[in-house]
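Report on the following structure.
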Amino acid sequence: MPPINEHRRLRLTLRGDGFPRGEVPIAILASKLQALQNLLFHAAAAVARDPSARRGLWYNKYREVVELSFVNAHHSDLVIEVETPVPGPTLLPEEDVAQKSIDLIFEFGRTIQIQSSETEQSSLRRSDRTYLLRAFDALLPGTLDDYLVELENWSPARHPRLVFSAETRQAVRHLLERDAMPTTAEQATVIGELVKIYFDTGPEKITIRQRGVEIDCYYSESLRDEVANLLPGSYVEATGLGTVDHEGRVTRLDTVLGIETVSMEPLRLTRFEHSGRRFEIRKPIQVQVEYVDGLWVYRNETLNLWGYGERRDEALRDLHANFAYLWQEFAEENDEVLDEKALGLKRRLLELRADAPAAS
């Protein structure tokens, strides 16, 4: 077995209650591995002596030095080990782009992890800082996800392990918004079907159809990677500084701060919280996700559990509130006042609670 190149090997771990028995959906695994590779490309561009514009296939310039190769995997939690190429024997330390890129990722990632002001005071060029923040944003758990992303190097004394949560991603989003948004500006959000992408053809923008109305959304250079990966016909969410009409409806986004494909993957929830009560779940509940007529709809029909909202976080709060309502009205109710259907729902609820005996 070849010796481990400790400075070049990375370990990516996905763990948490959202993945029972380490069962990570392939879509999540693939997206995080791609995000890690993209992060290496952007770090290499930031440390390179002769940086160039990140247009077209710009990352091909750095493939030879930072393209990751699969090394190993473990399944207690899902752990993937990858490695950058080994450089030629004549490479000088100051020319080792791969090592400098890894150093930058762990240095910058540490400031993100601890939400330090150093992130904003970094000596990086502002454009490099924005690219790195967006690259980290894609690697981190979603703002509603119940798992952790960990990144390690085989030289922990030099690069302590990084641990990122949904809260970390919220902090990164806040940094990106604060970078671009004047203190007096208000943020707008557009959700809908992506119908047009303008890429290297005049004004750089995308067009989203929301409730039958097409809305132009103008993006900056730092968002080109995200736009290049969008698919026409998919549902996307764009946030930014917008122009609104007299009724408060968004007519265009003048400056897009962030854009992502809307995930319709089911949520896997392991706890519910509402009004100070916390309900721990024995086994993750799958909640289906839909976007219908301008509303997010979260549902689990087995429990007759629903949540609605114009934003995803609103729908999730509604879902938590409705679970608490179901628990109070059915799980805590006396059997004699419930009909057969209600008793069935009570049994299903009781079987979910981690600290409650399963109903017989």
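Name the single residue, out of those in the range 223-241 being in a helix (DSSP H, G or I) and in contact with an Asp or Glu (Cβ under 9 Å, 6 or more places away or on another chain), that is nearest to GLN34 (Cα to Cα). Let's see the steps before the verdict.
Step one: filter the range 223-241 for residues in a helix (DSSP H, G or I), giving 223-228.
The next check asks that each one be in contact with an Asp or Glu (Cβ under 9 Å, 6 or more places away or on another chain); those that pass are 223-224, 226-227.
Values: LEU223: 16, ARG224: 16, GLU226: 12, VAL227: 15 Å.
Result: GLU226.
Which residues, taken from the range 17-62, are more than 15 Å from the chain's Cα centre (by Cα), closer than 26 Å to LEU144 by Cβ and of a type in the set (Gly, Ala, Ser)?
GLY22
Taking the condition at pLDDT below 80, assigned to a loop (DSSP other than H, G, I, E, B) and either in contact with a Leu (Cβ under 8 Å, 6 or more places away or on another chain) or farther than 19 Å from PHE136 by Cβ (or both), does ARG49 pass?
So ARG49 fits the description; yes.
So for the range 107-117 (the condition being at pLDDT 90 or above, within 24 Å of THR168 (Cβ to Cβ) and in contact with a strand residue (DSSP E or B) (Cβ under 6 Å, 6 or more places away or on another chain)), does at least one residue qualify?
yes
Quick grid of which residues meet (1) among the small types (Gly, Ala, Ser); (2) modelled with pLDDT of 90 or more:
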| position | (1), (2) |
| --- | --- |
| ALA238 | yes, yes |
| GLU247 | no, no |
| MET264 | no, no |
| ARG268 | no, no |
| GLU273 | no, yes |
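Tell me which residues, restricted to the range 242-263, are outside any strand (DSSP E or B), over 20 Å from SER31 (Cα atoms) and either out of contact with any strand residue (DSSP E or B) (no Cβ under 7 Å at 6 or more places or on another chain) or of a type in the set (A, V, I, L, M) (or both).
Taking the range 242-263 and keeping what is outside any strand (DSSP E or B), we get 245-249, 262-263.
Applying the additional criterion that residues be over 20 Å from SER31 (Cα atoms) yields 245-249.
Answer for the range 242-263, where residues must be outside any strand (DSSP E or B), over 20 Å from SER31 (Cα atoms) and either out of contact with any strand residue (DSSP E or B) (no Cβ under 7 Å at 6 or more places or on another chain) or of a type in the set (A, V, I, L, M) (or both): HIS246, GLU247, GLY248, ARG249.
Quick check on the range 121-135. Is at least one of its residues touching a Gly at 6+ places or on another chain (Cβ under 7 Å) and modelled with pLDDT of 90 or more?
Within the range 121-135, not a single residue is touching a Gly at 6+ places or on another chain (Cβ under 7 Å) and modelled with pLDDT of 90 or more.
Restrict the check to the range 60-67 and report whether at least one residue is part of a loop (DSSP other than H, G, I, E, B) and at pLDDT below 75. Can you show your working first?
Just the residues of the range 60-67 that are part of a loop (DSSP other than H, G, I, E, B), to begin with: 67.
With the extra rule that they be at pLDDT below 75, the set shrinks to none.
No, that holds for no residue.
Please enumerate the residues belonging to the range 266-305 that are in contact (Cβ under 8 Å) with a residue 40 or more places away in the chain, within 23 Å of ARG21 (Cα to Cα) and surrounded by 13 or more Cβ atoms within 10 Å (Cβ to Cβ).
Matches in the range 266-305: LEU267, ARG268, LEU269, THR270, ARG271, PHE272, PHE279, GLU280, ILE281, ARG282, PRO284, ILE285.
For the range 173-186, enumerate the residues that are at pLDDT 75 or above and loosely packed, with under 15 Cβ neighbours inside 10 Å.
HIS174
Consider the range 199-224. How many of its residues are over 23 Å from GLU314 (Cβ atoms), at pLDDT 85 or above and crowded, with 16+ Cβ neighbours inside 10 Å?
Total satisfying the criteria: 9.
The values are calculated or read from the model by the stated rules, or taken from the named source; none is laboratory data. Quick caveat, the model's predicted, so the values are computed rather than measured. No Cβ is skipped: glycine too gets one built from the backbone with ideal geometry, and neighbour counts run over all protein chains shown.
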